[in-house]
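Enquirer: Before I ask anything, here is the structure I am working with.
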Amino acid sequence: MSLQCPRCNSPKVASFHHAMKVGAAIGTVGGAARGVSAALAGGQAGALIGAFAGPVGITLGSVSGAILGGLAGGVGGCALGAQLGDTLDRHVLAHNLCLLCGHRFNLPA
Ligand SMILES: [Zn+2]
């Protein structure tokens with residue numbers, strides 16, 4: 001893959017991938033937040049199921065439901081965020097920098 005500066009046609013071009021990292025971070029935070037609510041719901045469901053098995057079952061059900069819900073939410077959010085960031089990176093943000101003239105530009109869509 002050979003990039004060229006559209007202004008001076010120099011092949012010395014640096015590429016950045018800020019948006020992907022930002023998107024992944026946003027997705028992780030969003031996913032964790034979603035995971036917390038999923039954990040609460042999972043904990044409630046677990047407690048309900050565990051209630052049939054008595055007090056010990058309530059505790060076990062709550063904890064395992066919360067852990068599963070939190071994990072699923074966090075992982076899903078991170079993957080979604082990385083995908084979003086990658087799309088932004090490719091189509092919206094100028095992330096190629098010409099090392100000769102300093103011109104910033106996007107990849108041709
Ligand atoms: Zn240039």
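Just so it is clear, none of the values below were taken in a lab; they were calculated from the coordinates. Computed from a predicted model, the values in this text were never measured in an experiment.
Enquirer: Near the amide H of Leu107, under 5 Å away, which other amide H atoms are found, from residues 5 or more places off or on another chain, if H is placed in the peptide plane?
Expert: His95
Enquirer: Now for a separate question. Would you mind calculating the relative contact order of the range 43-82 from Cα pairs under 8 angstrom and at least 6 residues apart, reporting the percent as a whole number?
Expert: 35
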